[in-house]
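What follows is a single structure, and I will ask about it in a moment.
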Amino acid sequence: MDFEKAYESWLEDERLNDEGKRELASIRNNREEIEYSFGAELEFGTAGMRGIIGYGTNKMNVYTVARATQGLSEFIKGLGEEAKLKGVVISYDTRLKSDVFAKTAAEVLAANNIKAYLFDDVHPVPMLSFAVRALGTVAGIMITASHNPKQYNGYKVYGADGAQMSPEDTKVVVDSINAITDYLAVATPTVAQRKKYILPVPAKVDKKYYKELKKLTLSKKAVKTCGKSLKLVYTPVHGSGYIPVTTILKKIGINATVVQEQIKKDTDFSTVAVPNPEFKETLSMGIALANKIGATVVFGTDPDSDRLGVAVKNDEGEFEALSGNQVGILLLDYILTRLKEDGALPANAAVVKSFVSTGMAKAICQSFGVELFETPVGFKFIGEKIKLWERDNSHTYVFGFEESCGYLRGTHARDKDAVVASMLCAEMVCYYAYKGTTVFDRLNEIYKTYGYVLDCNVSIQYKGLNAMKEMNAVVDALKAQPVEKFDIYEVASFRDYSKDEKCDMATGEKSPIGSPKCNCVYYELKNGSFVCVRPSGTEPKLKIYYSVKANNKQDAEAALAKLQASVGELLDKVNKPEAPAKEQKAEETEKPAKAEKAAKAPAKKAAPKKETAKATAKPAAKTTAKAAPKKEAAKKPAAKATKEKKD
């Protein structure tokens, strides 16, 4: 069925609700919008599905949610009666229609005689992950689009271990979803089924979650000394983090001043351009409050509270928004330091990071004698490591992180947890205050100790129904294009993650990477730097990651400029004549003008849309970092300047 026929079919179907009829009638003369809404089906991948809210097969609505849930129901029924009895726990964030979609999912499960535990109010991703484990359910559903612009919502599925569902199980669910061709045939429970199968999540689950987090504190003496007098600012950015973050801080004895204007559950996120706390602009109200009360640290969580953004005051009294890599190495250094000081660092301690996250983690882990493991992008892979080590006892998980502001200490949850990260961040501030120093000072000490690393992300934005296909084609073309060096920087080895294969450029010898397969290419450079190219799994952006090792900031920026120019030439060579516009996100604390000028993008229709800087580089005295994009108004995919969601 072509998109116009699909559109007419929905519009003429008496089962379509009144809201849907009004919306579809309003676009009758907009062929482009009809094609976008019905020209494809919203893809359900290993991170679930995510899309613009609206009616059509390619958007997030009660019908696409019900269809996905029916597919999950078929998977659960295939596991047997015990799995149906264990049921599914459902949570949601503060986004538009999140509560409606959560209720829809619960009703479809009930109509299939599957128990559905539904939270009575918003709860973040980590508490959903914890609830799956605490209640012993067979699966979990989280309604969220993470830190995407307000027009988006999404649907994430978790397995019985509390991690995002495995690729193997996801395939079974997807096959069941794809077998459903009638979108409007929504399973509706009887009154008796609603009463029997839709249940509230017991209050004890929240209490158990906070109890587990309290076990993860590391600096009780410092908190007791400094916690009550600490000047710290927190903002939930209108999201689900407000209650859990403030609750755990209160429980451990740390005072935090909350941005009152951003407590409200606002589906428009009206006080920010996008609800992404890694942007300095998103934390601007928190920074203003911090300047007013004399605080030196501001932190914020995104709508589903799985990501943490942090800004710290530098030596000049200016606030700098730290990158996800910078917060990652600060927390890593703090956790390993405190465990070692207390004699509690396990002999088989292990840290896990995504392979696109900063290479500085390796040096820090080596100095503590801790083994570092790398995984593909997506916290579910970190969750798989935890599950493996619980089975074979070969390693003890102590920390995991991704450059996209996702962190997890503890094994209570199996996804990013900005609640525990907020607790640790606040505790870390106490610890350094107790020692007579600051977080900013410690970051500078880390660079002096381990060397200088500048990490930079560039996003090339694609549009249209073939965006994913086009992005994958670019990556595939890179696999067939041998590269010996980028400018003066020689390639030591080339990784093709789609084949799980690493090739030594000097000898030609090939060996397995030992990683789950994904469509990604990775160039290891002889000086310890790397370049990586992959399509985003959740939005139409081709992601290019640079991690540059150098003696100092000036040398790192010069090297970055050369690398970007050389990579740009390579992409020009393999790319089609017409390519999408580019967005740049240099992960620096200071905008690298030289790097921006030298960075060369593939041929394109319009000038590059560059994002401001942020890096795992030594903090500068003053900064214009992480300025957020303008407010979103577009209804098309891949909203401008949103960071990758590795869910």
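Within segment 376-403, how many residues turn out to be touching a strand residue (DSSP E or B) at 6+ places or on another chain (Cβ under 6 Å) and not aromatic (F, W, Y)?
10
If you go through segment 460-503 one residue at a time, how many are under 30 Å from N552 (Cβ atoms) and either at pLDDT below 90 or open to solvent by 50 Å² or more (accessible area, probe 1.4 Å) (or both)?
5
Do you know which residues across segment 118-158 are hydroxyl-bearing (S, T, Y), touching a helix residue (DSSP H, G or I) at 6+ places or on another chain (Cβ under 6 Å) and open to solvent by 10 Å² or more (accessible area, probe 1.4 Å)? Walk me through it before giving the result.
The initial filter retains those residues of segment 118-158 that are hydroxyl-bearing (S, T, Y), namely 129, 137, 144, 146, 152, 155, 158.
Within this subset, residues satisfying the condition of being touching a helix residue (DSSP H, G or I) at 6+ places or on another chain (Cβ under 6 Å) are 137, 155, 158.
Once the filter is applied, which keeps residues that are hydroxyl-bearing (S, T, Y), touching a helix residue (DSSP H, G or I) at 6+ places or on another chain (Cβ under 6 Å) and open to solvent by 10 Å² or more (accessible area, probe 1.4 Å), segment 118-158 yields nothing.
Here are the criteria: (1) under 30 Å from D99 (Cβ atoms); (2) charged (D, E, K, R); (3) over 21 Å from the mean Cα position of the chain (by Cα); (4) modelled with pLDDT under 95. Tell me which single one D315 does not satisfy.
(1)
With over 20 Å from L330 (Cβ atoms) and either among the hydrophobic types (A, V, I, L, M, F, W, C) or in a strand (DSSP E or B) (or both) as the only criterion, which of I382, I386, I364 stands out?
Testing whether each residue is over 20 Å from L330 (Cβ atoms) and either among the hydrophobic types (A, V, I, L, M, F, W, C) or in a strand (DSSP E or B) (or both) leaves just I386.
Taking S270 and the conditions (1) buried (at least 18 other Cβ atoms within 10 Å of the Cβ); (2) within 23 Å of the chain's Cα centre (by Cα); (3) more than 18 Å from S305 (Cβ to Cβ), which numbered condition does it fall short on, given that it satisfies the others?
Only one criterion is unmet by S270, namely (1).
So, in segment 532-551, of the ones that are closer than 26 Å to S146 by Cβ and among the β-branched types (V, I, T), which residue ends up modelled with the lowest pLDDT?
In the first step, residues of segment 532-551 are kept if they are closer than 26 Å to S146 by Cβ; the result is 532-547.
This time we only want the ones that are among the β-branched types (V, I, T), so: 533, 538, 544.
Details: V533: 97, T538: 73, I544: 96.
Once the filter is applied, the top-ranked residue is T538.
Another question, then. Does K115 count as farther than 24 Å from G54 by Cβ and surrounded by fewer than 18 Cβ atoms within 10 Å (Cβ to Cβ)?
Answer is no for this residue.
Here's another thing I want to ask about it. Where in segment 138-201 are there strands (runs of 3 or more DSSP E), lying wholly inside it, with at least 2 residues that are within 26 Å of the chain's Cα centre (by Cα)?
Result: 139-143, 152-158.
Tally up the residues in segment 37-51 that are surrounded by 24 or more Cβ atoms within 10 Å (Cβ to Cβ) and not small (G, A, S), please.
Count: 2.
In addition: Is segment 392-401 home to any residue that is touching a Gly at 6+ places or on another chain (Cβ under 7 Å) and either aliphatic (A, V, I, L, M) or at pLDDT 95 or above (or both)?
Yes, segment 392-401 contains at least one residue that is touching a Gly at 6+ places or on another chain (Cβ under 7 Å) and either aliphatic (A, V, I, L, M) or at pLDDT 95 or above (or both).
Also, I was wondering about something else. What's the number of the only condition in (1) open to solvent by less than 10 Å² (accessible area, probe 1.4 Å); (2) closer than 24 Å to K448 by Cα that F379 fails to meet?
Of everything listed in (1) open to solvent by less than 10 Å² (accessible area, probe 1.4 Å); (2) closer than 24 Å to K448 by Cα, F379 misses just condition (2).
Those residues that are assigned to a helix (DSSP H, G or I) and polar (S, T, N, Q), I need them from segment 20-36; list them, please.
Once the filter is applied, which keeps residues that are assigned to a helix (DSSP H, G or I) and polar (S, T, N, Q), segment 20-36 yields only S26.
Scan segment 45-53 and tell me whether some residue there is part of a loop (DSSP other than H, G, I, E, B) and under 16 Å from F3 (Cβ atoms).
no
Right, here's the next one. Out of G410, G436, report the one residue that is closer than 19 Å to T301 by Cβ and either open to solvent by 20 Å² or more (accessible area, probe 1.4 Å) or part of a loop (DSSP other than H, G, I, E, B) (or both).
G410
Ok, one more. From F119, F130, which residue is more than 18 Å from L42 (Cα to Cα) and in contact with a His (Cβ under 7 Å, 6 or more places away or on another chain)?
Going through F119, F130 in turn, the sole match is F130.
Can you find a residue in segment 336-357 that is open to solvent by 10 Å² or more (accessible area, probe 1.4 Å), of a type in the set (S, T, N, Q) and either free of Cβ contacts under 8 Å to residues at least 24 places away in the same chain or farther than 26 Å from S515 by Cβ (or both)?
yes
Looking only at strands (runs of 3 or more DSSP E) that fall completely inside segment 465-538, which ones have 1 or more residues that are among the hydroxyl-bearing types (S, T, Y)?
489-496, 510-512, 521-525
Right, another one. Residue pairs, Cβ under 7 Å, 6 or more apart or interchain, first in segment 514-539 and closer than 16 Å to D504 by Cβ and of a type in the set (K, R), second part of a strand (DSSP E or B) and open to solvent by 10 Å² or more (accessible area, probe 1.4 Å). List them.
Here the result reads K526/E490; K526/A492, each pair linking segment 514-539 to a residue that is part of a strand (DSSP E or B) and open to solvent by 10 Å² or more (accessible area, probe 1.4 Å).
The values are calculated or read from the model by the stated rules, or taken from the named source; none is laboratory data. Everything quoted here is computed from the prediction, not taken from an experiment. Here the Cβ is made from the backbone with ideal geometry for all residues, glycine too, and neighbour counts use every protein chain on show. Ligands, DNA and RNA are excluded from the accessible area calculation, which covers all protein heavy atoms including side chains. Shrake-Rupley method; radii C 1.70, N 1.55, O 1.52, S 1.80 Å.
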